[in-house]
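Working notes for the structure below.
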Amino acid sequence: MGLEERVPELYDNMDKTHQAWTICMHAFSDLSSMSPVVFLYLLKECYIHGTCKATKKFRALQHQVHQVLYNAPQPGPATFVVYCLYVLPLFESYSEGFSHLIISALRRFLKVGTTPEDSLKAKGHAAQLFLEVREGLVKHDERILVKVVEVFDVRLIDIERVMCNLETKNSRVVEKAKAFVEQYIFEQIESESYMTAVTLLEHFSIRQSGQSFLLRMIQKKEFKAAEKWATFMGKSMLCVLVKEYIDMKLLKNAYGIIKKNNLRQEFPDLYLKCKESSLKKLAEKGCWDVAETKTNSDRQLVEYLVYLAMEAGYSEKVDELCNRYSLEGFVKAKEPEASLLQSRFLHLNEFVFEDIIWVDEVNGLHNATCHIEGCKVVGIDCEWKPNYEKGSKPNKVSIMQIASEKMVFIFDLIKLFDDVPDILDDCLTRILHCPRILKLGYNFQCDIKQLAHSYGELECFKHYEMLLDIQNVFREPRGGLSGLAKKILGAGLNKTRRNSNWEQRPLSQNQLEYAALDAAVLVHIFSHVRTHSQPATVSEGHTKIEWKSYIVSHMDNTKRSKKEFKSTKETEVETDEHSKSG
């Protein structure tokens, strides 16, 4: 049954251990004549002689038990596991762990199926086990008891049947069974085991506890148990829970309940407030497409998103949303207010600038390379289309911007790689490997990693010469590149287009200007830093900046430790390893 495949996970190649394992494996191959005591003893031996970590051993054994349940345990797999649970307290310190192990293995086994006869018999024995644990005749943790009730689907009627067999002459057995279970649940509540109590109340469909029980759990900050209980009780109790959350200023919790249980009509103001807050956070991150999806075409939310785009100066997103949802009148009413806000950001025309040149063919590539080779300092940045699906691979780097003091070249990496990969590799090698050109970046590590991931076949992205990560020169790089620009140049960058679709062709004029500015601003920040690093020109209120010590003269793009990104100075700030915020 595949047990041989699990041997390496549990054991080293020691003769004695391997021999013990062979005996255990042979015994497990046929459970038709094996008693629960022997089975558990062999399981214990497997665990004791295992050489890997406890968690890994537990998972491996859990898989093995699931497998051996197919090997004809008598009188059936589910009943056999109940018998094991009766025996397990004899194994003392192993009892709790092994109980969880075999119940979890059975839960997985039951998804495939067992016979109705086995299920019915196991359910009866599990009900009896519940009674005996409750009365102290068998020792098991309450968490085991809850699992027994859930996995074997023990109901009040099953407990009643067991009690009837014990007290055949008692006509009040039905009431007694319910009272028996309720008393146990009450004890769990008194000991503040609220999740156990709620799980049992829900499982046995007992609804006698009311609002006071809910408030008690909230007071004790047992929010998960309170939400489980309120969900079981229905809409009225859920509304009470939401109101309590509102009073406690736990708006996120309240919104979660509203959203999950469709209570928007009951709490329209709070729903709208939380949705707007969520949209604002997404807009601040530049996740406009995700934000639009979150509106679900609700006009009020779309209007709020349009306002956020106007406030951010994201004019093409404003036009896009207005055209899609017919909001022209709304925009005209808001335009004067939004136009005042755009002056907070840097604009490309504030720099002495000649041109933005789009490079997507051979001649343009050669011309750009020749120009850049004549520069002493260039700013480099990259853009790629965001991927919002969790666990999916990131998209290829779409464009690379390289800026001199007066020009910015935007390389269409996707097209150039498809059309002329060898020429692209040669031209970028001449730039990135050149020790005469100082390459400026912000959080270089992110771009370098993404370029290597996107174009691993190219030699140009495998090592770099003369790098200066502007982020490392400053001790407080808060707010990303925009925050740094504001600190050095007096105004920040409009980052609303950061997460736009960089694979669309042609790029919009706003996208081109955004991309160009990200590279150009690095050159201007460096110019300011270089000027103020000279003793004769340090003005009042500025400290001397030793930027030269932060230059990395050579770097191979292989797996590196953090130390390799540090300056030779002891005070250098480590390179940020998180996603590019600039």
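The values are calculated or read from the model by the stated rules, or taken from the named source; none is laboratory data. This is a predicted model, so every value here is computed, not measured. FYI the Cβ positions are ideal-geometry reconstructions off the backbone, even for glycines, and counts take in every protein chain you see. Side chains included, ligands, DNA and RNA excluded: accessible areas come from the protein's heavy atoms. Shrake-Rupley method; radii C 1.70, N 1.55, O 1.52, S 1.80 Å.
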- Query: Which FRET efficiency value, to the nearest 0.05, is calculated for Ile246 and Lys220 with the Förster distance at 30 angstrom and r the Cβ-Cβ distance?
  - Reply: 0.95
- Item | Asn296-Glu192 pseudo-label distance in nm [points 7 Å out on the Cα-to-Cβ vector] | 3.8
- What is the calculated FRET efficiency for Lys406 to Lys487, with r their C-beta to C-beta distance and R₀ = 25 Å, to the nearest 0.05? 0.55
- For the stretch 366-409, list residues with backbone N below 18 Å from a point placed 7 Å from the Cα of Asp418 toward its Cβ? 383-386, 395-400
- Message: Can you give me the solvent accessible area of Lys495 with a 1.4 Å probe, rounded to the nearest 10 Å²?
- Response: 30
- Separation of the stretch 110-171 and the stretch 456-497 by C-alpha centroid, Å? 65
- What is the calculated FRET efficiency for Asp426 to His347, with r their C-beta to C-beta distance and R₀ = 25 Å, to the nearest 0.05? 0.10
- Task: Show the residues, 5+ positions off or on another chain, whose built amide H is closer than 5 Å to the amide H of Glu361.
- Result: none
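DSSP loop (so not H, G, I, E, B), at most 15 other Cβ within 10 Å: list which chymotrypsin sites (Phe, Trp or Tyr not before Pro) in the stretch 380-437 pass both filters.
Loop-located and lightly packed - Tyr388.
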- From largest to smallest, what semi-axes in whole angstrom does the stretch 85-181 give when each is the square root of 5 times an eigenvalue of its alpha carbon gyration tensor? 24, 17, 10
- Work out the length of the dipole vector of the stretch 173-327 about its Cα centre, built from +1 on the beta-carbon of each Lys and Arg and -1 on the beta-carbon of each Asp and Glu, and round it to the nearest 20 debye. 220
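How much length is gained on full extension from Lys53 to Arg143, taking 0.36 nm per residue of separation minus their Cα-Cα distance? Each step should come with its number before you reach the end.
Details: separation 90, 0.36 × 90 = 32.40 nm, distance 2.38 nm.
Full extension of this stretch gives 30.0 nm more.
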- Radius of gyration and Dmax for the stretch 169-282's Cα atoms, expressed in Å? 17.2, 69
- Pull up all non-local amide H partners of His463: gap of 5 or more, or a different chain, and H-to-H distance under 5 Å with H placed in the peptide plane. Asn557
- Message: With equal scatterers on the alpha carbons only and no solvent term, can you work out the Debye log10 of I(q)/I(0) for the stretch 396-461 at 0.24 1/Å?
- Response: -1.28
- Once phi is turned into ³J(HN,Hα) by the Karplus curve 6.51 cos²θ - 1.76 cosθ + 1.60 with θ = phi - 60°, what whole-Hz value does each residue of the stretch 221-234 show in order, with x for glycine and proline? 6, 8, 5, 5, 5, 4, 5, 5, 5, 5, 5, 5, 6, x
- Residues meeting the amide H criterion for Ser398 (H placed from the backbone, H to H distance under 5 Å, 5 or more places apart or on another chain) are Glu383, Trp384, Lys385
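Per-residue counts of other Cβ atoms within 10 Å, averaged by peptide: what ranking do you get for 510-516, 69-75, highest first? Display every interim value, and only then the final one.
Values: 510-516: 21.0, 69-75: 16.7.
Most protected by this proxy first, the peptides run 510-516, 69-75.
Provide Cys52, Cys164 ordered by accessible surface of protein heavy atoms (probe 1.4 Å), highest first.
Largest to smallest exposure gives the sequence Cys164, Cys52.
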- Solvent-accessible area per residue for the stretch 185-310 (1.4 angstrom probe, square angstrom): 52
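Per residue, how much accessible area does the stretch 350-476 show when a 1.4 Å probe rolls over the protein heavy atoms, in square angstrom?
Values: 5500 Å² over 127 residues.
I get 43 Å² per residue for the stretch 350-476.
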